[in-house]
Amino acid sequence: MDFMNWLAAMPGAVAQGMIWGIMAIGVYITFKILDLADLTVDGSMVTGMATCAMLMVNGWNVWAAMGVAFLVGMVTGVVTGVFHTVMGIPAILAGILTQLILWSVNLKIMGKANQALPARNFDVLVTQLRKYESLVYLALACVIIVAALYWFFGTRYGMSIRATGCNEKMSRAQGINTSFNKVVGLALSNGIVAFSGALLAQYSGKADISDGRGAIVIGLAAVIIGEVIVSRMGHNFVIRLSGVLLGGIAYYIVYQTVIFLGLDTDLLKMLSALVVAIFLAIPYLKKTYFKRPVIEQKGEA
Amino acid sequence: MLELKNITKIFNPDTANEKVALDNLSLTLEDGDFVTVIGGNGAGKSTMLNAVAGTFPVDAGSIIIDGEDITKLPEYKRAKFIGRVFQDPMTGTAADMWIEENMALAMRRGKSRGFSWAINDKDRRIYRQMLSRLDLGLEDRLFHKVGLLSGGQRQAITLLMASMNHPKLLLLDEHTAALDPKTAAKVLTITKEIVEEEKLTTIMITHNMKDAIAYGNRLIMMNAGKIILDIKGEEKAKLTVEDLLNAFAKAGSDGAANDRMLLN
């Protein structure tokens, strides 16, 4: 391995990692906070890419394009949320249905399977052609998102969303509209995912219909890696969200590294999925095969 | 105060497992009533409580609280009027959230939540004060996850949460059944204190006949989805376990005087 080349690839890896870290924060909201496995993201990621690319191609300002991408992403979350809460479809299936709907929608948004968004011709915020400048913008986006979510989930309403994911029965008993909260959580999650898609389209200079394939797995990988990274740093929400961002970055550094080591890139998706599978299995395996004897708790009230 | 008019609830209708859980049941509670409910397994006690709480829609009848018909109101909207404690200590609190967060959630029951910061120092002082009256040392553990607490501690906190904002109705669904006897006694004492101090209209299901007699001003016995005994005031004060056993025997259902009740 040529160390200098590897080093030169790092800024790019970190930038991509931040974009996927933001995406993973969206996954964190559904997977960890709402306790829902939402597969909408494979579609909403591309919806964000396509929306941003098409708007910019049509002369929109980059900020407005990213804003609309965020809003459209929220709508995709609402669709999944309505499938799940109003129509009673299991969350995983609801997400898969929306994902498939979005495949068609994304094709319609772009009018074809891919759309170029070359940084030479468009005034994009982040691009692999200007990696260091992009890193600054991405870091700023990360800070703003983490701060906004810290505020949101610390409010009375935000706390009721956390309660919904933690204990639905208790939440309803405390007057919380759990169905509505799930829809809001899914909307917020997919809005963030689509926003990260908007960043990715700019960064890579294109939007492709298949760019979102397996996004959920990368998002979960980032969430899981992030948990491991910050596991000993307390339960503060900012630390946990930062962990997810670090997880995304770590994922992409590893990704670049294994490519440099000459790994067949065809195998990358499989390896990502296997890593996620192993980490998801650990709690179950621990419980089932490495059970510790239960310590009796005596009757203190 | 609370009026149940001809409530019927049938589970699994038109199947082999059809079960009439509530059979044209009517009940009227006065303000400040503390009603204990006993009955065998499957008598419909929990179903009655869940019907009032709105866990499921009833098939017939109406539920009225203070003149307001809540029959069609979803569960989360009824929470405005109702505080609940469940049998399973896990159910009443959010395990992954702190004690103060759980209390803050309950503090807004029936109120709009909005986007102001969920907990401030003034709230904390109130929570500490409420917790200190439990005498369990929880007032110093506001930042502890509720999931780390024992079943009794969780039930005590759930009781506090359920009694916040003076609910019109407090529903206790065998809330001491999952606890060891000593803890159960302690939680029952706290229950009595809170109900009396706050003058809460309360329905408490219990499997323990002695408790059913010792607590409250009114006792209801259920069997097969109906109320078969309803004793108030003076008469209730004179009630003995013997009387209840006789009443069960008279009801004649094998479900009524089951082993669990006799053991108590």
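Points worth noting:
- Accessible surface, per residue, of region B:96-166 when the full set of protein chains is kept, probe 1.4 Å, Å²: 43 Å²
- Relative contact order (percent, whole number), region A:3-281, Cα cutoff 8 Å, 6+ residue spacing: 37 percent
- Candidate membrane-span-like segments in chain A, meaning DSSP H helices with Cα atoms spread over at least 18 Å of their own axis and a Kyte-Doolittle mean of 0.5 or above, are A:3-28, A:41-57, A:62-85, A:91-110, A:131-154, A:178-204, A:215-230, A:237-260, A:268-289, with no membrane implied.
- Estimated [θ] at 222 nm from DSSP helical runs (n ≥ 4, -39500 (n - 2.57)) normalised by residues in the protein assembly as shown, nearest 500: -18000 deg cm²/dmol
- About its Cα centre, the dipole of the protein assembly as shown is roughly 880 debye, where the only charges are +1 on Lys and Arg Cβ and -1 on Asp and Glu Cβ.
- Square roots of 5 times each gyration tensor eigenvalue, C-alpha, region A:103-262, largest first, Å: 31, 21, 16
- With a simple spin-label model that places each label point 7 Å from the Cα along the Cα-to-Cβ direction, the separation between B:Asp135 and A:Glu133 comes to 7.1 nm.
- Take each residue in B:232-243, count the other chain C-beta atoms within 10 Å of its C-beta, and the mean is 0.
- Loop-located chymotrypsin sites (Phe, Trp or Tyr not before Pro) in region B:99-131, at most 13 other Cβ atoms within 10 Å (DSSP): B:Phe115
- Options B:Gly147, B:Leu159, B:Leu134, ranked by Cα towards positive dipole end of region B:96-166, top entry (Cβ charges): B:Leu159
- Across peptide B:85-94, the average count of Cβ atoms from other chains found within 10 Å of a residue's Cβ is 3.
- The ratio of the alpha-carbon radius of gyration of region A:1-128 to the globular-protein estimate 2.2 N^0.38 Å is 1.21.
- Distance (nanometres) between label positions extended 7 Å along Cα→Cβ at B:Ala185 and B:Ser112: 4.9 nm
- Residue ranges B:55-65, A:4-14 sort as B:55-65, A:4-14 when ordered by packing (mean number of other C-beta atoms within 10 Å per residue, highest first).
- Residues in region B:148-188 that, when all protein chains are in place, have 40 Å² or more less accessible area than the chain alone would give (probe 1.4 Å): B:Ser150
- Listed by chain and number, the lysines placed with their C-alpha closer than 28 angstrom to that of B:Lys19 are A:Lys169, B:Lys5, B:Lys9, B:Lys45, B:Lys72, B:Lys77, B:Lys226, B:Lys250; residues fewer than eight positions away on the same chain are left out.
- Area buried, chain A against chain B - accessible surface, total, 1.4 angstrom probe, square angstrom: 2900 Å²
- Residues A:Lys108 and A:Met270, FRET efficiency given R0 of 41 Å [Cβ-Cβ distance, rounded to 0.05]: 0.85
- Solvent-accessible area, 1.4 Å probe, carbon plus sulfur percent, for region A:3-281: 68 percent
- Bins of 10 Å, starting at 0 and running to the largest distance - Cα pair percent for the protein assembly as shown: 3, 16, 23, 21, 16, 12, 7, 3, 1, 0
- Relative intensity, log₁₀ I(q)/I(0), of region B:92-208 from a Debye sum that treats every alpha carbon as a point, q = 0.21 Å⁻¹: -1.28
- Residue-averaged beta-carbon neighbours from other chains (10 angstrom radius) around B:115-123: 3
The values are calculated or read from the model by the stated rules, or taken from the named source; none is laboratory data. The structure displayed is predicted, hence computed values, not measured ones. Cβ atoms come from the backbone with ideal geometry, glycine included; neighbour counts cover every protein chain shown. SASA here: full protein model, heavy atoms, side chains in, ligands and nucleic acids out. Shrake-Rupley method; radii C 1.70, N 1.55, O 1.52, S 1.80 Å.
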